[in-house]
Structures are given as structure tokens and as C-alpha cells.
Amino acid sequence: MLKIYLSTAIRHLIRNKAFTLLNIIGLALGLATCMLMLFYVRNEWSYDRWNEHADRIVRINTEVKFGASVADMAQTSPPMGPAMVRQFPEVEKAVRLLSGETQIKKGDEWIGENRITYADPSLFEVFTLPLIKGDSRTALNEPHSIVISEDIARKYFGVTDIVGRELVLKMENRTEEAYRVTGVMEKIPVPSHFHFDIFLSMKDESQSKGLNFNVINMSTYLLLRPGVRYKDLEAKMGSFMRNALSQQPGGWDMDAFERDGNYMRTSFTPLTEIHLHSHRLRELEANGSAGYISIFSAVALFVLLMACINFINLSTARSANRSREVGIRKVLGSSRSRLMALFLSESALVTLVASLLALAGAWALLPLFNKLSGKDLTMTLSVLAWWAPLSMVLGIGVGLLAGVYPALFLSSFQPVRVLKGRLATGFRGSRLRTSLVALQFTLSISLIFGTLVIHRQLHYIESKDLGFDRDHVLVIKNVHVLERQQLVLKEEALRLPGVASATLSSFLPTGERRWANFLSADHHPLQTEFWPVDEDYISTMGMQLKTGRSFLKNMPTDSTAVVINEAAAASLDHPSDALHGKIYYGNDKEYHIIGVVKNFHFSSLRDPISPVVMPLMQNPAKGEGADALSIRIRSADVSAVLAAVRERWKTLSRGQQFEYSFMDEDFDGLYHNERQMGQVFIAATALAIVVACLGLLGLAAYAAEQRTREISIRKVLGAGVSSIVGLLSKEFLRPVFISMLIAFPVAWMLMHRWLQDFAYRTNIPIWIMGVAGLAAIIVAALAISYQSIRAARVNPVESLRTE
């Protein structure tokens, strides 16, 4: 019986090649898009889950309100981790990470490495980081020990069997030191919230011995004992922090601190939630977004749903062509169940072919999808082992579900009515079909609307006045390795034709390095960024002074001067008279304010601008306090300036690696995720529109076929081509207008919620609705116009001669 069903189904599908092809292509596109999106979502969801104890690891966060400043940080103090192990039996292990940068000597050359961190010996007990060489139990026990990845081992030694050999490192502002390799580890998996290649013993870092709980500079993780709920432990942290801050060296008066509305709180983030749900200050790397995962999942569902709608519409629309077949089969004894089995066999065949095409298409499109999404998804055998079966099950399951209604509908025909010709045509008068077309275009309009809003926000980010000028600024990195020669490099750069100005600093608006400090302004507490800069910083960065002046050369009093931003000025008792204010650092350092710059953005536009205090950098001639040389270029020949600076670097650096970037590119990197999401959104919207057009194309072709004789009679009676095209088109455009009424409020609500993630954002103007609606109308009109015009131009004699 199955063989008969299959052979009958194959004959019918071959006999209706055009509709079969439309169904297969539509389903294949929907399934391929869904597969790629699911691959992306699974990859994002899998972050850090490869750790053996992933469900028991939490990261310690610190939330601080100090005066007018509020900060939520992904770090805590140096003594926090060890104290948690000592005082809380719920904690099995703790590990601290303190990341940085270094130079590693290879022959006569110094190479910069930035995937480096100090770590406690417990690192390998908390995280699953297998060593291919060395003993993880003792690898970081001793000072000057180092564990490196196999990539770093091959880079500097050419082999991985190097335990016991030495690497010469030069950490920032330190002398050269030799470190003994005690372990070589496997490369950290890509789905991880950190990707360090080098781990140094924490015993070499003096900051690890700090006893103050208010110094927030270390990423700290706890391994909880089995069965411990992190929320229960978190509830105990209030009293613990209060006691710790009051009992530390120079302990705080917590009653006075809290009486002023200040707080310092501790919270935990489970390891598996960091990548998608944590967007705090001082994250180890840029994280993903649970919101984007929801959006991508919705897009995948939308495109797949549209493909299913096409399948249902095209199958039921051809009901008139199959009504007599159903009637004859029933007269000859076929039961409804057998007829349903026949129609479901056709659905299964279509979806099987579509699934195979979708699987091949998704595989072929994976490199392009990686480029759009910024991922590095690969089709390994282990991935294929779950992806291929899932894809086939998804495809066949979707096809069968989509085929159930057509099977029920077609098998329900009454043979007496069918054979007497009383059955209505299969296309006209179907409310379900109109509803499905409306739903299809509701999804399409929502995607178009979302794409326009995302593009508008990205344009807003790119064109917004940031308070500094990021264009034509060349940033030379790691100038601290030049020591006393960094000032010479700056002076030589200033003599180059085409260079407008230059500045030495460690802190840039587009950089990753930050230094938050607890200060007081007018004797009020203030948590602020504290950026030592040189006298050319304000002018080179293109910042605008609101009042006062910048630093001056050969002005002795400027050694105790600061320039602050408007956010810091707002914390003073008299913001409008900030030039008479004082900033206090520690117990004995007093600064006088000489200038206020307009607020400038130094983090993502998701975050509000926080206070910044900029003192004059001390002893730049001795190589103290600078990590970057920023050069503003006025020449159009940027490559010539870059080449000249590179040559001078080689002369001064004694084999140090030359690293640079451009400030505008660094700024663009802050919104890498948004751009990628926009690209994926555009691609998904295009696919959704193609799928919708395929359905309309099929329906329009069938509508024209069903109404051929009606059209011919109208033409004989004097109807023109335009009136006939309008007659055929309005049946399809009506549900498009209905879909606008549904899509606009829903899409506006969803995109408005997405924009709330940005502290600085564009609005959603009314014209976006008009553009999205007009685009949908144009797309629908183009999809049906060809068939409508073709039907209207047919010679009526050819269709009426058979009557």
C-alpha cells in the first residue's frame, strides 16, 4: 500500500512541476534559514558549558554607589576570593584573574601579547583547561611559572613539548624577567567568555596581596559545593561586605557611608549566564546578548512559518483540480484515512527533498553566514552528527504538520457534490487563505520595520557627536616598551609633515583600559575615571572646553591641576563655578580644577557618561604612565605618515613589535555586534520576502488559471488590461493592508524595547511605518503583476473556443 501511495504521489508531483518546485524551494529556503539560525543560537547558548563544573561556578560582581556615581562591575577586590573560601563552607574553591599585556622575546624581536592573565593555582580545579604537557595540580604553584596554550608554544618554540624551558617577558613598566614553562594547555574553546593564551602565577603580582575590599580590580570565580544555591550564598554577602569594609586597614565608617546613600554590594553571576546576560563594566571580553538570541530565534520561526503558509496555501488552492479525483476515489471505495495517507505522502516527499536541499544549502551558505554574523561556525563530524538528523526531523516534521490541513481539507470532499459540479473553486472565497497571506505579510512587514530601525540606530551611532574627534587619529600601542624614548617618538612624530598634534597617554575614549578611583569633590564622595594625560591630550582628542583652560607647558602649578568633564562637574556643590572647586585623591593629594570639557563618550552608547578626572601625567620623559601615542593626521597621505612613524619606531625600539590602530576603527569595534545583527537581519528579511513572493507567485498563477474564462468574457465585453490586472491584484493586496494594521504596533513595541538597551538612542519616526508598508505593497505587486498581466493579455478566443 505504501508503495502505491508513493508512486501515486510521485506521479502527481511530476504532473504539477511548477507548483511542486515552488513548494520545494519555499520550504528549502525556510528550513535552511531556520537551520543556520538554530546553529547560531545553539553556539551562543553553549558558552562556557564545556566546563565540567559549569553549573557550580559563579563570578563575583561588585555594585557601587559612591556619591553621584553608580557602577556595576564584573570584578571584585583581591582579598574577596580567599576570604570566601575561608569563611563560607559553601565555597569549595576560588580563582582570581588579573589580565594585562606583555612583550615576549623571540630571538632579537619583542612581540606583544594581550591574551595574558595572572591566575591562582586553583585555576585548573575550577575551570576545565586540560594540559597536554605538565601537571595542572602544581603548574602555577611557584613564582615565575607560566602556562601557555599550544598555539603560543608553537609560535615561540615550534613544538609543544617544552615544559622546563624559559620565556623572557617584559610586563608593563617592569624589567625583563624569565618565566619557566610549567604547562602547555589545549586551546580554550571558542564558546568561552575569556580566551587567554598565557597564564602567569598570581604569586608574581603584588596586587594579589592587597587587603582592601574597596579596590575593585580582579575577576574572581567561585566553585560552589554540590547542592549549594548561589542565591542563598548571595543573601549572606550584605553583612559580610559591611564587616569586611569596616575591619580592613583604614576601615570605613559604614554607618556614615550608608547614611549618605552610598553602598558597596556583592552579587554573583552563574558562569553559564555571563555571555548572554552580563553587560557590566570590566567584562573580560565583549559578551553576546540574550535579546539578540530572542530576535534570531523569532526570525528563524518567522521564515519557517512563512514557508509553511506557502505550503498550505498552494495545496488548498489547487483543491478544485483534485476534487474530482477525490470524488472518484471515494466512489471506488477509498476511505478518508487512505486519502489522507496519500496526501500526507505527497507532503512527506516534498519536505524530504526540501530538507535535503536545505541541508546542502545551509552547509554551502555557512561561510557567508559566518561572515555576516561574525561567528566561526564549522561543520565538524560531531556537529554533523546532531545537525543532520535534527535538520531532517525538523524538515519532515514541518512538512507533515503543514500537510495535515490540506490532507484533511481535500479528503473531506463529498463525492456526490463533487461529481455534480457543486464544489466551489479551490481558490476563491477562502478566509483561511486570506488570513494566512495576511499573517505572512505581517511577519514580512515586521522584519522590514525592524531592519529600518536597526539601520537608523547604527547611523545615529556613527553620526552622533561623541565629544571628541575620532577621525584621522593614528594610535601607536605599547609605547611603554620604549621607556624614556617614548617622548622622543612623540617629538619626532610632531616634526613629520602632515602631523597636526600628538599626545602620550594610557587612556583613550576608544580604548579598553580604564582606571576607576574613589575621590572626593568638595568633600563629597565621588567614584570617577582617573586618567593621567599630557598637556596635548585635550587638543589632540578634539575635545571641547566648556570653561577654563587645558594644561600648559612649563606651568609648574599644573602638576596639581585637573581637567574634568561635565559629569564630574555636576557632582560639585556649585557646578557652574567648577573652576573654584577641589578634587581630593587619598588623604593628602589635592588638585585644583583648571578646566571643564564637554561630556565625551568613552564606552558604548548603551551606557550613560560617567565622571572623568584628568590630572597631568607625571614624568613622561622617564617613560612613566603612558601606553599609547595618539597622532592626529591632517595629511591625506596617511600611509606615508604611518610608514615614517614605523621607521622611527624601529630606530628607537630595539626589536619591539610595532602595533597600531586607527581610532575610528576602534570606535566601530564597540558596535561590532550591532552591525552584525543588522547584516543578519537584512539577510533574513530578504529571505523572508523571497519566501513570501514565492507563495504569492504560485497563488497568483493559480488564480489566473482558475479565472481564465471569466477574464476572457470580461475582455469580450470590453474590459481593458488595467481593469483586469486590478481585479486580480486586489484579491492579494487586501490582506497586505490588513497585515499593516497588525504589524506596525507589534513591531514598534518590540523595536522600542530593543532601543531601551541604549542610553543614547534614536527615535522611531512615523515615516518608517510608511516605508515598511510601501515596501510590502511593492513586493506583493511585483510578485503578482507578471501573472496578472500575462492573464490579462491572453487572446479570449483561445480560452472560449473550448466552451
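The values are calculated or read from the model by the stated rules, or taken from the named source; none is laboratory data. What you see is a predicted model; the values in this text were computed from it and never measured. Quick reminder, even Gly has a Cβ in these numbers, built from the backbone with ideal geometry, and neighbours come from all protein chains shown. Surface accessibility is based on the protein's heavy atoms, side chains included, excluding ligands, DNA and RNA. Shrake-Rupley method; radii C 1.70, N 1.55, O 1.52, S 1.80 Å.
Answer yes or no: is there a residue in region 277-287 that is of a type in the set (S, T, N, Q), under 24 Å from ILE448 (Cβ atoms) and either open to solvent by 10 Å² or more (accessible area, probe 1.4 Å) or at pLDDT below 80 (or both). No - not one qualifying residue is present in region 277-287. Taking region 30-73 as the range and being out of contact with any Leu (no Cβ under 9 Å at 6 or more places or on another chain), within 30 Å of LEU305 (Cβ to Cβ) and not polar (S, T, N, Q) as the test, the residues that pass are VAL41, ARG42. All of (1) hydrophobic (A, V, I, L, M, F, W, C); (2) closer than 30 Å to PHE257 by Cβ; (3) open to solvent by 20 Å² or more (accessible area, probe 1.4 Å); (4) modelled with pLDDT of 90 or more hold for LEU545 with one exception: (2). Is it the case that region 712-726 has a residue that's at pLDDT below 65, loosely packed, with under 13 Cβ neighbours inside 10 Å and in a helix (DSSP H, G or I)? Checked against the condition, which is being at pLDDT below 65, loosely packed, with under 13 Cβ neighbours inside 10 Å and in a helix (DSSP H, G or I), region 712-726 yields at least one hit. Selection over region 624-652 of residues that are in a helix (DSSP H, G or I), open to solvent by less than 40 Å² (accessible area, probe 1.4 Å) and within 30 Å of GLU176 (Cβ to Cβ) gives a count of 5. Here GLU205 qualifies as open to solvent by less than 30 Å² (accessible area, probe 1.4 Å) and out of contact with any helix residue (DSSP H, G or I) (no Cβ under 8 Å at 6 or more places or on another chain).
Looking across region 653-674 at every residue that is modelled with pLDDT of 75 or more and charged (D, E, K, R), the one that is most open to solvent (accessible area, probe 1.4 Å) is identified as GLU665. For region 79-95, a residue qualifies if it is surrounded by fewer than 20 Cβ atoms within 10 Å (Cβ to Cβ) and touching a Pro at 6+ places or on another chain (Cβ under 7 Å), but none of them does.
Does at least one position in region 520-529 carry a residue that is under 36 Å from the mean Cα position of the chain (by Cα) and open to solvent by 30 Å² or more (accessible area, probe 1.4 Å)? Yes - at least one qualifying residue is present in region 520-529. Select, from ALA28, ALA74, the only residue that is surrounded by 18 or more Cβ atoms within 10 Å (Cβ to Cβ), of a type in the set (A, V, I, L, M, F, W, C) and modelled with pLDDT of 90 or more. Selected residue: ALA74, the only one of ALA28, ALA74 that is surrounded by 18 or more Cβ atoms within 10 Å (Cβ to Cβ), of a type in the set (A, V, I, L, M, F, W, C) and modelled with pLDDT of 90 or more. The lone criterion from (1) crowded, with 16+ Cβ neighbours inside 10 Å; (2) modelled with pLDDT under 70 left unmet by ALA348 is number (2). Condition check: modelled with pLDDT under 75, part of a loop (DSSP other than H, G, I, E, B) and farther than 18 Å from LEU31 by Cα. Does SER323 satisfy that? Judged against the criteria, SER323 is not a match. Examine region 112-124 for a residue that is surrounded by 17 or more Cβ atoms within 10 Å (Cβ to Cβ), over 22 Å from TRP50 (Cβ atoms) and of a type in the set (Asp, Glu), and state whether such a residue exists. Scanning region 112-124, I find at least one residue that is surrounded by 17 or more Cβ atoms within 10 Å (Cβ to Cβ), over 22 Å from TRP50 (Cβ atoms) and of a type in the set (Asp, Glu), so the answer is yes.
The set of residues in region 172-197 being surrounded by 19 or more Cβ atoms within 10 Å (Cβ to Cβ), among the hydrophobic types (A, V, I, L, M, F, W, C) and within 24 Å of MET73 (Cα to Cα) consists of PHE196 alone. Restricting attention to region 454-477, the residues being under 24 Å from GLU529 (Cα atoms), assigned to a loop (DSSP other than H, G, I, E, B) and either open to solvent by 10 Å² or more (accessible area, probe 1.4 Å) or of a type in the set (Lys, Arg) (or both) number 7. Taking the conditions (1) surrounded by fewer than 17 Cβ atoms within 10 Å (Cβ to Cβ); (2) on the phi < 0 side of the Ramachandran plot in turn, ILE146 satisfies each one other than (1). Only one entry of THR503, THR510 meets the criterion of being surrounded by 18 or more Cβ atoms within 10 Å (Cβ to Cβ) and either modelled with pLDDT of 90 or more or assigned to a strand (DSSP E or B) (or both), and that entry is THR503.
When region 579-613 is limited to residues that are of a type in the set (A, V, I, L, M) and within 30 Å of GLY288 (Cα to Cα), the one that is surrounded by the most Cβ atoms within 10 Å (Cβ to Cβ) turns out to be VAL612.
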